[in-house]
Each structure stands twice: as C-alpha cells, then as structure tokens.
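As structure tokens, the structure follows; a few thoughts come after it.
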Amino acid sequence: MEPVLRARQLTYGRPAQRRLDAVDLELRGGDRLGLLGINGAGKSTLMQLLAGVLVPDAGSVRVLGHDLHDDRVDPRRHLGFLPQQAPAYGELTVRENLAWAGRLRGLAGAPLGRAVDSALQRTGLGDVADRLAGRLSAGMLQRLGLAQALLHEPRILVLDEPTAGLDPLHTEQLRTLLRALPGETAVVLATHLLDDVQQLCDRVILLDRGRKVAEHAVDADSDLLAHFRGLATTGLT
Amino acid sequence: MTAAIAAHEWRRLRHGLSFWLLLALTQLLIAWLAFAQLEAFAAIAPQLKAGGSTVGATDLVVMPTANSLLLLLLLIAPLLAMGSLAGESHSGRLPLWLSSPTGSAAIALGKILGLWLGLLAPLLSACATLAVLGLGIDLDLPRLAVAVAGLALVALWLAALCVLLSGLFDHPAAALAASYGVLLLLWLLDSFSTGDTPWQRWALMPHVEPLLRGLLRSEDLLYFVSTGAAAALLTIHRLDRRRGLA
C-alpha cells in the first residue's frame, strides 16, 4: 500500500539550534502513529511541518504523492490538523466555529451543514452547539478543535498533544472519540503521555532533541516505559 | 472565498467591544467638531455675505471636519487591524488558516476587505452627520461626494497597509506600534523638506488634501491604488512564504 504521508529528512531550525534534524516517517491508510518525546523533543515542530503550518529548512512532506508545498494541487485538503492550542473564536458559537472551519476547507451550502451536524454528533458537542466557544471548558474546547480537524473527513489527521491539560474524564472521552475514527483515516499523534500511545497507536516514533531515535510497534509486550525513561534520562543529561 | 473571509472579518470586528467604542467615539467627535465649525461659520456668515465672498459652509464646516475624520481614520485603522493576522497568530488560530487549502490571495484580500468594511462604518456614519447639515445650510454636494469617495479610497488603502503590517508580526501590540510608526512617517514625510524631493512623493498628505477639497487627480488615485495594491501583494507573498508556497 502506498503511503498517504511521507516525510523525508525533515529539518527545521538553524544548524546551531536544530529543532528537528533529518526526520523520516511514513504513514499508510489506517495507521495510528504516535510521536513520543519529552518537552522540547521537537514533536510540535514536526506536527506543524506535517500540517503545512511551518516550512522545512530541508527535506520534504508528500501527501498522497504530492509535495505539501505544491500549490497547484494543494494536498492540504486531505489533512486535518489539531494544534496544541485548539483554534477557536471565543465570540462565535460552537456551530459557527465549525461552519467557519468548514468554509476555510472549501465546504459550502448543504454539504457544509451536513458536515457540521456530523462533526457535532461525532464529538458529542450537539448539546453545546449554540454556546459561545469562549465559554467552553478545556475538554470541550479540545473536542471542538478535533471536530474542526475532522469536519472535511480528511485522509490524514495530525494531532498535537490532543489530551494535554485535560482531566482524566475528558482525556478518556477524547480517547474514545479517537478510537472511533474511521479505519482508513491515518492518524499521527504527538504526545508525552505513554497511555495515549498505548491506547491509541499501533506504532511509535521516539524523538529526542529533534532526532528520531527509535521506531517501535506498540503491542502488549512493548516496554514503552523503558524507552521513555531512557529518553528522559538522556534528555536531562 | 474572499467575500466569505471579508464577511467573517467584518463579523469578528463587530463582535469586539473596541469596534463599537471607536465607532461611538468617532461619531461623538465628528458631531462635536462639525457643530463647533458650524457655530464659528454662523458667526462670520453675515460678514462673508456682505463682502461677497464665495467661501461657504462646505469650505468652512465640511472640509475641516473631513480633515479631522481622516485623522481619526489614521488612528482607528491600526487598532482594528492589529487583530487581523497578528491577532490570529497570537491567539493560536493562524494554524487553522495556514493548514487550510484556502489560497493566500483569498485570505489577504478577505482580511483587507473585511477591515475596510470596519472602517467604512465610522466613515459613513460621520459623513451622514455632515450630510444632515445640508438640511439647514447650502452644501456643495458634488464636492462632498468626492471627499467621501476619497476618504473611502483612503480607508481601503489604510486597510491594505495595516493588514500587511499585521501579517509581519505575531503580536497585535507589535503590529499596532509598527502601523502607527509607518503612518506617522508617511504623514510627516513632506514636513522634512521643501521642494519636490523624491520622498515627498511618498508622503500621504499631499495626496489626501486634494481629495478632501473635492479635487480628483490621477496622480493621487495612482498613489493610493499602486501602494495599496503593493501592500496587498506583499501580504499574499508573506502568507505564501509562511506556507512554503513562495
């Protein structure tokens, strides 16, 4: 199967202060890839490069075979991105925020209305659809961010620490939502929580100071804690 | 998509308290200035009539007030524009825009047109106040119309310039400071020297004053259209560079 997302030698930052250094990764339809690393490992930088928000200093990102920075095709339409801070207009309602995110992704008219209703239902935001986004709890706001990322049914979902700052209840609710994603959607998820990786991912890349240091399958036997401890130790030295 | 972004931007402005405060303040100041000018005009009108002067209410009431309105627009535009791209960046919403397939041209033009709508609101409400004076005194309506159209053009130019400066910074306060700095420089540029120096052609006031007097000159139109279009193109280029498309 052809990869839906392929990053080659992704590099970002000045040579003396590399935030990301020659990282490779591939994602096929249905893959659930975790990016694990301590704070400052380069997870968010990599997420923003994969989503087309940042431009790499070297290397490339190809989405469904097209360069991410090829504006004639614009592969961004196949990407859904949830940044670390869920983007929302506090003065607009949840429904209005979703409608606006849909417009930005080229949806309009009846398909937009259907997409908004579907996203509200999938993320359990139906009851607060007419509430101002500025009055949502952190958990609800994160769900709104996820709903925006899912709205146009992207082939690839890029999630940057989706459970960061959430209480255990909201964390579990969000994980349930992510587990219920369509099977063909490829997900790349950055986190520093082992539980996120163990519960949501089938593969994990370990990042340390901008470098990819390991890649493992996630299964019942994988000792992620040992790998992560190794990272934390080297990161502190 | 440009129209949708403009409507979104216009809605974003209307949802902010600062927009309504600025609108109210503009209306209040223009009304106060217009009536102060009117009072002064009423005091000297008999002498002007007796002396056979051709100077009327349009010259002594409307045009000075339009000058004040221009100054207010110069103060308001950076305040409304600072939330445009710098505000999106500061509040973490810029990734929503940059990761979307919406073109940079649509984003830049939509932001500019939306801000222009925001500037037209105080402009038109102030002009309506001036037009109401026409119920009681003789106004040169064609000249007034040219001045209003000129101010609308200046507002569009301001929107393009301020959105460009907003796109250069990630913090609204930095965008605000830069906008005031650039506008102050353009405003004062012709005071630095006398005679026809190259930088005087870039000065704002020599191009605005004829418009406010009701005089349409091609060189003034060219100034606003060319520099405004250049600002819009630079904003598009800036967005493209951020997304790696340029």
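The values are calculated or read from the model by the stated rules, or taken from the named source; none is laboratory data. In this text the structure is predicted, and so the values were computed from the model without any measurement. No Cβ is skipped: glycine too gets one built from the backbone with ideal geometry, and neighbour counts run over all protein chains shown. The area values use the complete protein model at the heavy-atom level, side chains included, leaving out ligands, DNA and RNA. Shrake-Rupley method; radii C 1.70, N 1.55, O 1.52, S 1.80 Å.
Of the residues that make up segment B:18-29, is at least one within 14 Å of chain A (Cβ to nearest Cβ), of a type outside the set (S, T, N, Q) and open to solvent by less than 60 Å² (accessible area, probe 1.4 Å)?
Yes: one or more hits.
Would you point out the residue of segment A:97-108, among those that are open to solvent by 50 Å² or more (accessible area, probe 1.4 Å) and in contact with a Ser or Thr (Cβ under 9 Å, 6 or more places away or on another chain), that is farthest from B:Glu88 (Cα to Cα)?
Ranking the qualifying residues of segment A:97-108, first place goes to A:Gly106.
Considering only segment B:131-144, state which residues are part of a helix (DSSP H, G or I) and touching a residue at least 24 places away in the same chain (Cβ under 8 Å).
Scanning segment B:131-144 gives B:Leu133, B:Pro142, B:Arg143, B:Leu144.
Among B:Gly92, B:Gly87, which is the only one that is assigned to a loop (DSSP other than H, G, I, E, B) and either surrounded by fewer than 24 Cβ atoms within 10 Å (Cβ to Cβ) or of a type in the set (A, V, I, L, M) (or both)?
Just one listed residue meets the conditions, B:Gly92.
Step by step: first the residues of segment A:109-125, then only those that are at negative phi and loosely packed, with under 14 Cβ neighbours inside 10 Å, then the one that is farthest from the other protein chains (Cβ to nearest Cβ). Which residue is that?
Per the criteria, the residue is A:Gln121.
Cβ contacts < 7 Å: first residue facing chain A (nearest Cβ under 8 Å) and more than 11 Å from B:Ile5 (Cα to Cα), restricted to segment B:91-106; second residue aromatic (Phe, Trp, Tyr) and surrounded by 18 or more Cβ atoms within 10 Å (Cβ to Cβ), any location; separation 6+ or different chain. Result?
Matching pairs, first to second residue: B:Pro95/A:Phe81; B:Ser99/A:Phe81.
Within segment B:146-159, does at least one residue satisfy the condition of being farther than 20 Å from B:Leu72 by Cβ and surrounded by fewer than 20 Cβ atoms within 10 Å (Cβ to Cβ)?
Looking for residues that are farther than 20 Å from B:Leu72 by Cβ and surrounded by fewer than 20 Cβ atoms within 10 Å (Cβ to Cβ), one finds none in segment B:146-159, hence no.
Scan segment B:110-118 and give yes if some residue there is charged (D, E, K, R), over 24 Å from B:Leu216 (Cα atoms) and loosely packed, with under 15 Cβ neighbours inside 10 Å, otherwise no.
No, segment B:110-118 has no match at all.
Please find, among B:Leu133, B:Leu80, B:Leu69, the residue that is more than 14 Å from chain A (Cβ to nearest Cβ) and within 17 Å of B:His15 (Cα to Cα).
B:Leu80 is the lone residue from the list that is more than 14 Å from chain A (Cβ to nearest Cβ) and within 17 Å of B:His15 (Cα to Cα).
Could you check, for segment B:57-65, whether at least one of its residues is within 30 Å of B:Ala106 (Cβ to Cβ), in contact (Cβ under 8 Å) with a residue 60 or more places away in the chain and either away from chain A (no Cβ under 14 Å) or among the acidic types (Asp, Glu) (or both)?
No.
Restricting attention to segment A:147-163, which residues are in a helix (DSSP H, G or I) and either within 13 Å of chain B (Cβ to nearest Cβ) or among the polar types (S, T, N, Q) (or both)?
Within segment A:147-163, A:Ala147, A:Gln148, A:Ala149 qualify.
Tell me whether segment A:56-63 contains one or more residues that are at the interface with chain B (Cβ under 8 Å from one of its Cβ atoms), touching a helix residue (DSSP H, G or I) at 6+ places or on another chain (Cβ under 8 Å) and closer than 13 Å to B:Leu98 by Cα.
Checking segment A:56-63: not a single residue is at the interface with chain B (Cβ under 8 Å from one of its Cβ atoms), touching a helix residue (DSSP H, G or I) at 6+ places or on another chain (Cβ under 8 Å) and closer than 13 Å to B:Leu98 by Cα.
Take the conditions open to solvent by 20 Å² or more (accessible area, probe 1.4 Å), closer than 25 Å to A:Leu54 by Cα and at the interface with chain B (Cβ under 10 Å from one of its Cβ atoms) and apply them to A:Arg143. Does it pass?
It is false that A:Arg143 is open to solvent by 20 Å² or more (accessible area, probe 1.4 Å), closer than 25 Å to A:Leu54 by Cα and at the interface with chain B (Cβ under 10 Å from one of its Cβ atoms).
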